[in-house]
Structures are given as C-alpha cells and as structure tokens.
Amino acid sequence: MPYQPFRLDRLGLLAEHSKQAPLVGSNPTVPALSLCSGRAYPYVEAMSQLLHVQTPVLFEAGAGMFDPISARIEWNPSFTVSIRKEVDEVRRFLEEVVLKHDRVSIDFAKRSQAALVGSPEGGIEEVRDEVDAFVAQNHPSFNVFHTHISIDVVPFGLTKAEGMVWLAEKCGISLSEIAFVGDTGGDVGALKIVGASFAPANATNDAKAAAHHASSLFDIDAVLEAFQMVVDGR
C-alpha cells in the first residue's frame, strides 16, 4: 500500500515462491513471477531484487522493460520521439498545475508518462478535472488514469495491456499463459486480455469487474492467494 511500511513477512513469502521457478517454464507446477508496475524503473528494479524475480519486468506500465538476468533496460518500440515530445508538453502543463496547487507534486522519475502524486489526505481531487480537460483537448491520444494518490497521463499503446503483449513476446509464451493481478483503472486492459486475472479487495470497481476473480483479501495477501490459485489450477 502507498506510503505505508512494506509487509516484509508477506513479501518474503512471495519471494520464496519466486525462487521455486526462477526462469519461465523451468518448473511447470510453479509460475515464474514478474512485475508490471506504473512506477518508474528504480522502484521496479528494487522490487525485482526483493522478490527474487528472474523474469523480465515492466515499469512505467510497460513502456520500459528490465531484464534482471542481463541487467539490460529497453524501451517499448511504441515509445517514439514524437510521443516523447508530447509527454514533455503534458509534463510542462502539470508543472503549471503544481504551482497553483501545493498539495500535489510532479513524479520526475517517469520518462514515458507525465504524472502527479499527492497524499492520501487529498490533493489529487483538486486537480483531476483540470488535467482531464487539458489532455482531452490537447492530447486526445493519451489516457488519463487516476488513483486517490496519483494521476498518470499515458500515451495510447503504452498501457499495461500493451505491456503484457510485449512481455509475452519476450518470454515466448501466449497471453493465455499469463496471470495478472491489478487494482486500478490502469490495470483494466491487462486484466481483460490474460488467461487469469485477479483483483484484491482494495481494488477499484472497474478493476474488480474486469478480473476473473475478485478477492476478499487486501493488497499482498490477495497476490499470495492468486499465486496459490494458479499453482492449484483453480
């Protein structure tokens, strides 16, 4: 959960699961673990170490990929020079928004998205309509994804759904062989196209509706449940 201490005991359990299948296809009874996060590269790379992930992982919703084995980073081919320029334009607008609203900040770590962050106590709701209107008028080929602590302006073609397609191609598997856990609107596309999808109890309603299984458990407990359900073939 954002802005809360990591539940290291539960993360440790997930890491132990990951160690049983360090490479895709190495143990047909235990799925390999990967990550697909809207967070920037440093966070995702650190989490891949913590969780003993050996499969390529996706950051910035699938715009970037990091291979923990080769330590190589690459960007999705859809992240073109022209799209980068548009992202920069949106980021400049968000910088103007921040000057007027002191309860939100720019997420400067991201390269392929323009993003704002705020505290759970508020801030994002103050600027949401303004950002939505600007993007709709000036950059209609971009998505705007919201949570209670963030706004991510993401180019079409660089969402988690496209990230899943890219990851499947890199790993030499089909989408039907992938299970995905997601909890926000930005996860909906990916939840719909994989073979098995899960949403925790703290997920947004659209994420729960898109998932094959909506858990009664929260955050990482729901992830551990989903992992076990895949192992059990449920």
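The values are calculated or read from the model by the stated rules, or taken from the named source; none is laboratory data. Small disclaimer: the values here were computed from a predicted structure and weren't measured. Neighbour counts are summed over all protein chains in view; Cβ atoms, including those assigned to glycine, are modelled from backbone coordinates with ideal geometry.
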- Does I124 fit the bill of being touching a Pro at 6+ places or on another chain (Cβ under 9 Å) and aliphatic (A, V, I, L, M)? no
- Item | Answer from S37, S48, S105, S119 - the residue that is small (G, A, S), at pLDDT below 95 and within 20 Å of the chain's Cα centre (by Cα) | S119
- Task: Pull up the stretch 51-79, narrow it to residues that are surrounded by 15 or more Cβ atoms within 10 Å (Cβ to Cβ) and of a type in the set (A, V, I, L, M), then point me to the one that is nearest to D107 (Cα to Cα).
- Result: A61
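Let's see how each residue does on (1) at positive phi; (2) surrounded by fewer than 24 Cβ atoms within 10 Å (Cβ to Cβ); (3) assigned to a strand (DSSP E or B):
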| site | (1), (2), (3) |
| --- | --- |
| V154 | no, no, yes |
| G157 | yes, yes, no |
| S176 | no, yes, no |
| L191 | no, no, no |
- So which of F198, F142 is in contact with a Pro (Cβ under 8 Å, 6 or more places away or on another chain), farther than 23 Å from D67 by Cα and buried (at least 20 other Cβ atoms within 10 Å of the Cβ)? F142
